[in-house]
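Asks: Could you have a look at this structure, given as structure tokens, before my questions?
The values are calculated or read from the model by the stated rules, or taken from the named source; none is laboratory data. All values derive from a computational prediction rather than experimental measurement. As a convention, Cβ positions derive from the backbone with ideal geometry for all residues, glycine included, and neighbour counts pool all protein chains shown. Surface areas here come from the heavy atoms of the whole protein model, side chains and all, with no ligands, DNA or RNA. Shrake-Rupley method; radii C 1.70, N 1.55, O 1.52, S 1.80 Å.
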Amino acid sequence: MQTPIAHAHQNGTVIEDNPVGLPNGVTGQVVPALDRHVASLFVLFHQYQKHHWIVEGPQFRDLHLYLEEAYTEIHQDLDAMAERITVLGGLPTSSPRALAERAYIEHEAEGEPDVRRMLEADLAGEQAIIKHLRDTIKLTMKLEDFGSERLLKKSLYHAEERAHHLDHYLQRNTLVSEEC
């Protein structure tokens with residue numbers, strides 16, 4: 001069995017030849033982008049999980065269940081991206097410190113924000129994910145990495161759906177009288 005050839009790239013990522021026949025010039029651009037998504041999705045995963053743990057109030061049950069669904073879906077998407085990185089000959093970032101450094105989303109500060117602030121932070125995270133996913137989808141289309149493109153489009157759809165649901169939660173309560 002032949003040992004894969006490793007190629008170092010500018011960001012320090014080592015990428016081996018891959019079994020799917022994509023050139024190193026392609027994987028050298030796609031793998032770091034996927035890795036930043038994995039890192040950022042981990043940050044968002046942890047944020048949703050924290051919010052799931054601490055949510056309170058009259059909509060507790062609905063929000064508690066929604067937040068769990070969201071972090072579960074995010075984990076599935078980031079896992080699929082990490083697996084894709086290995087298909088492309090890369091090694092996904094995995095340590096918490098390195099993930100935080102590589103992410104384009106920052107970890108939320110410790111503490112217990114009110115529910116509206118939690119959901120606003122989740123929406124802002126989703127919007128950042130959506131923007132960066134769109135950029136990487138354009139890159140994968142240009143580079144003809146159709147497998148990564150398909151995976152990213154699926155993740156984009158999930159992020160857009162979560163953003164849509166968060167937007168609904170953040171609307172004013174139309175059942176409450178505005179007369180006071």
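Asks: Excluding G90 itself, what net charge comes from residues whose Cβ is under 10 Å from its Cβ, given Lys and Arg +1 and Asp and Glu -1?
Replies: -1
Asks: Could you work out the Kirkwood radius for the stretch 28-82, taking every pair of different alpha carbons, averaging 1/r and inverting it, reported in Å? Before the final figure, lay out the partial values.
Replies: Values: mean 1/r = 0.0838 Å⁻¹.
It works out to 11.9 Å.
Asks: Determine the relative contact order of the chain: mean sequence separation of Cα pairs under 8 Å and six or more apart, normalised by residue count, in whole percent. Please report the intermediate quantities before stating the final value.
Replies: Details: 201 pairs, mean separation 44.7, N = 180.
So the answer I get is 25 percent.
Asks: Next up: In the stretch 104-149, if every C-alpha pair distance is counted and binned at 10 Å from zero, what percent goes to each bin?
Replies: Percent of pairs per bin, in order: 24, 35, 22, 15, 3.
Asks: So for the stretch 78-169, Kirkwood radius off the Cα pairs, Stokes-Einstein at 4 °C and 1.567 mPa s: how many µm² s⁻¹?
Replies: Estimated diffusion coefficient is 88 µm²/s.
Asks: In addition: Taking only protein heavy atoms and a 1.4 Å probe, what accessible area per residue, in Å², does the chain have with all protein chains in place?
Replies: Using a 1.4 Å probe on heavy atoms only, each residue of the chain averages 59 Å².
Asks: Can you list residues whose amide H is under 5 Å from E16's amide H, if they're 5+ apart or on another chain and H is modeled 1.01 Å from N?
Replies: Amide H neighbours of E16: H7, G90.
Asks: With charges only on Cβ, +1 for K and R and -1 for D and E, what is the dipole size of the chain about its Cα centre, in debye, rounded to 20?
Replies: 580
Asks: What value, in deg cm²/dmol to 500, does the helix sum -39500 (n - 2.57) over DSSP H runs of n ≥ 4 give at 222 nm once divided by the residues of the chain? Write out the running numbers ahead of the final one.
Replies: Numbers: 5 runs with 118 residues, N = 180.
Value at 222 nm, helices only, nearest 500: -23000 deg cm²/dmol.
Asks: If the reach is capped at under 17 angstrom between alpha carbons, list the lysines near K138, excluding any in the same chain fewer than eight residues apart.
Replies: Excluding near neighbours in sequence, the set is K153, K154.
Asks: Using only the heavy atoms of the protein chains and a 1.4 Å probe, how would D77, D17 rank by accessible area, largest first? Before the final figure, lay out each step's value.
Replies: On the way: D77 10, D17 65 Å².
So, going from the largest accessible area down, we get D17, D77.
Asks: Please report the carbon-and-sulfur percent of the accessible area for the chain; probe 1.4 Å, protein heavy atoms only, DNA, RNA and ligands left out.
Replies: After summing per-atom areas, the C and S share lands at 52 percent.
Asks: Further question on the same structure: In units of 2.2 N^0.38 Å, what is the alpha-carbon radius of gyration of the chain?
Replies: Cα Rg divided by the expected 2.2 N^0.38 Å: 1.18.
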